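Reviewing the structure listed below.
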Amino acid sequence: MNKADFLVEIGTEELPPKALRSLMTAFAENLTKAIDEARLEHGAVHAYASPRRLAVLVEKLGLQQDDRTVQQQGPAVKIAFGDDGKPTPAATAFARKCGVAIGELSRSKTSKGEWLAFEVVEKGRAAAEILPGLVEQALTSLPIPRRMRWGDGDVEFVRPVHWVILLHGRKTIKAPVLGITAGNQSRGHRVHSSGDLTISSPGSYLDTLEKDGYVIADFERRRALIISGVTAAAAESGGSIIDGESLYDEVAALVEWPVPLLGDFDSKYLSLPREVVISTLTRHQRYFPIADAEGNLLPHFVTVANLDSKDPGQVRSGNERVIRSRLADAAFFWDTDRRIVLASRQDALNEVVYQHGLGSLFDRTQRIGTLATWLATKLNMNSDDVDRAAALAKCDLLTGMVGEFPELQGIMGRYYATADGETDAVACAIEEHYLPRYAGDKLPASKEGQVLAVADRLDTLAGIFSLGKRASGNRDPFGLRRAALGVVRILIECGLDIDLKALIAKAFAIQPSGKAVEADIADELYVFVTDRLRRYFLDRDPGLSVETFDAVMVRQPASLLDFDRRLVAVQTFARLEQAKSLAAANKRIANILQKADNPDGLSINQKLLQEEAEQALFSSLVNAQRKVRPLLAARSYAEVLNELADLRDPIDRFFDNVMVMVDDDKVKTNRLALLGELRALFLDVADISRMSIG
Amino acid sequence: MSSQIPPTPLSFQDLIIKLQQYWAECGCVIMQPYDKEMGAGTFHPATFLRAIGPEPWSAAYVQPSRRPTDGRYGNNPFRLQHYYQYQVVLKPSPDDIQEMYLESLRAIGIDSAVHDIRFVEDNWESPTLGAWGLGWEVWLNGMEITQFTYFQQIGGLECRPVTGEISYGLERLAMYLQDVESIFDLLWTDGPLGRISYGDIYHQNEVEQSKYNFELADVEALFNTFDHAEHDAQRLIDLDLALPAYEQMLSASHTFNLLDARQAISVTERQRFILRIRALSQSICETYFASREALGFPMLDSRVQGRASK
């Protein structure tokens, strides 16, 4: 038998719950990589984790590395031997280093020459010898934002480490890992288990921990148990869990022995805004809210204890007590916040610095208002509501409720605006201007919300760019990429037909820095946004090629909506049978025109068209131009390209029968003019010469 | 309900006495509160300065703590501008520090086989002090009752060895043990001389001090106090007198909190004030370290000479 299962467990104090899953996965991945690099064979790899442990089980791990031959290269043969054929000092030195006579050296040949060489067989080492190092190596590169020390030691880890298991088959590897001598002793639940638990073999790890230790070490199984447990508990109350997905991972990372408990709170708190109740339960307490079949909140919740309590009633009433005081706090804010109208908080926004160099939050809302009004005018909307919504958009940041529940920004703004008698459009836009908050989040539904959301993001982008700050690598502290992607999504998916460059110029013009209008910084932001645009299109349509995107991009369509239409048209065009030869013809025309230094402003003289093929192409061209003009105006790009596809035959015939670069200058210029117009016609949609069509 | 509420719940003062007893038996120096205004037990030199340098040190004490902006004129059942923390520091942090803590809960009547006690990630960072540590808030059936921190850096200096800090929120803990809904209803003591509540002792103080903090504190005088304390602290640092300099810094820090409550400091200025305190804190920590070093770190041998505990 030369294989056995391998188990490593790192026993710790309570690990950070939000990081637990990624620590678990990274540990297993890193270890697998290290084992592979060490040439140890292995089977399936399993990752486990609980609040007090990270573990990896590797099935059928080889007990021994294979032997391998390692070649050491010596001097080149030409310098290893003198003209007399005797070894030079270089050769003798190499042989001495290898500990053999020169005659025992071999030779290695490559295309560059021949070298003296020595082959050593490196004995494979026992897995037990190298595994501790591989484990340390895997632990060193875990994604830990901040490592800590404890006691008077120098070891660093996520949290203090108390025990380590290294078990290969039934054999314990007694080597130091993270400053602790590894063994085969684990520990169970803090309360339900005491003393050490002997793990006799890797295969019995999960069972021993569960049966003797009251720990479910398998993260996924624990999570599944939590889901079924809380679902059953909710059913007891006559409702079902809502918003569970956002909590299951975190709760699974907070308990080793999950025990769901149903609790109640006073139904008078159901008169609070729904989001407030849900936030109180989920964000602050990690409790699961419950709703009835219609989705109405019920005055119950499920909490998951890490204990089979001797008296569950006390755990339940303790948790109910906490939620009671939290909800009382929220009710207090709800009452006091509404004593002042939202609009009267605007002055106080002056006191809050938005960003050094970009003024206060009040200044920011003014800029957002200006941009939003500009957008509304362009879109033929009434700008009163967006202007008002902009003025109020950040006021809720100063309310007690948002101070306590920052995640309710915007949502509370809507509630308070409604309470003040603001119009629905204004209230709604205040909430929606934060959308989308993350990748894949919903978009504002109202036009006012959309306009405000775009204005908000453009102000951030132009403001931060004007300070000379950018996103780089994985550092994007101002969320610039997210802001730009938000703009892209709203403009396209909500159908806002806006000239992006004009919008960017406007956003810079209102920044306090003054030097706003420098063209290159505006261009830089345009490129930044269109980079997100490329990513956006590629994500939306995995079949899209970068060349197709670039074919449209070179035209720099003013509106992203227009961009989208061109892109779709070009993709449809690419599927036509004429596409391939037209793309090739366009490339050929582009080359010809380039060689002729891209003559400009030439006009076609019909009388100089001598050949039948060029006359035919000319009349097809004129015909196409006439048909395409209204289609272009209507942005019916797919139909435009459909029309242009008919030009394939005349173009092909032209190139088969007509020579462009003839000696007669007038004829040549005339033909260049013909091709120029032809190319311009295609370029009205996209530069299809850039496309590579299979 | 099957709950077994202890027949006579611990009074507020009994709670403190039990904790004192427990940590004294563990071997901690039982210190007394520091006689300066401060925002938390961490500011007591027995924590903040003793965490610096190689000398071992273990102490426990009650620290009255002031947070002027938390005042609610005695109207809020959960918030006070003056409250108590029970603070324990253990340096180097023992291997079984979590078990020691759980044992202390047992000592005040909280059985971990009945109650759901959890260590939930919560890290501590004080920009004002140039200090940070990693640890948890401890939950008792979902309620935060304790902050638990392994200091990693104080005043910009690496903590070697590491100090483990445990800060109990005494009022919260007592409210839970006594099952009352308002801090002011807490039983402070019920003895032969009468029954006294937390409110009997502190309610008037909350009302009047809130008025002072929010409405009456003399802003101009406070600005002067801040400047003076900063200046004096610097002068004392230059004379290598870390301990008196530290007191001046505490004074500056509390003055800043009062100015904050009076809303006399704008957001931009706020940052500047924080940086000024931080600069002091940094120099004081360095001065303190140097002064202990000059003395040859006299407490380095204390553990060897001391009587083994437990």
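Laboratory data are not the source of any read-out in this text; all were calculated from the coordinates shown. None of these values were measured; they are calculated from a predicted model. Cβ coordinates were reconstructed from backbone atoms using ideal geometry, including for glycine residues, and neighbour counts include every protein chain displayed.
A compact table of results
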read-out: Gyration tensor verdict on the range B:158-223 (Cα atoms; rounded if a/c is under 1.5, prolate if a/b is larger than b/c, oblate otherwise); value: oblate
read-out: Cα-based equivalent ellipsoid of the range A:473-539: semi-axis lengths in Å, sorted from largest, via gyration tensor; value: 21, 16, 10
read-out: Estimated distance in nm for a label pair at A:Y438 and A:R555, the labels positioned 7 Å out from Cα along Cα-to-Cβ; value: 3.7
read-out: Candidate lysines for bridging to A:K86, where Cα separation is under 21 Å - those fewer than 8 sequence places away on the same chain excluded; value: A:K78, A:K97, A:K109
read-out: Helix runs (DSSP H) in chain B reaching 30 Å along axis by Cα, Kyte-Doolittle at least -0.5; value: B:267-294
read-out: For the range A:196-250, alpha-carbon Rg and Dmax in angstrom; value: 14.9, 45
read-out: Under 25 Å from the Cα of A:K310 - lysines, other chains or at least 8 residues apart; value: A:K211, B:K18
read-out: Alpha carbon Rg of the range A:68-122, scaled by the compact-globule rule 2.2 N^0.38 Å; value: 1.08
read-out: Extension reserve of the A:A348-A:A645 stretch, reckoned as 0.36 nm per residue once the Cα distance is removed; value: 100.7 nm
read-out: Spin-label pair A:D67/A:R338, simplified geometry with 7 Å Cα→Cβ offset, distance in nm; value: 8.5
read-out: Theoretical gain in end-to-end length, A:Q625 to A:E119 [0.36 nm per residue, Cα-Cα removed]; value: 174.6 nm
read-out: The protein assembly as shown: antiparallel DSSP beta bridges as a percent of all, rounded to 5; value: 95
read-out: Neighbouring partner chain Cβ atoms per residue of B:133-141, average, 10 Å criterion; value: 5
read-out: Three-way shape label, chain B, alpha-carbon gyration tensor, a/c 1.5; value: oblate
read-out: Cα gyration tensor shape for chain A, rounded if a/c is under 1.5, else prolate or oblate; value: oblate
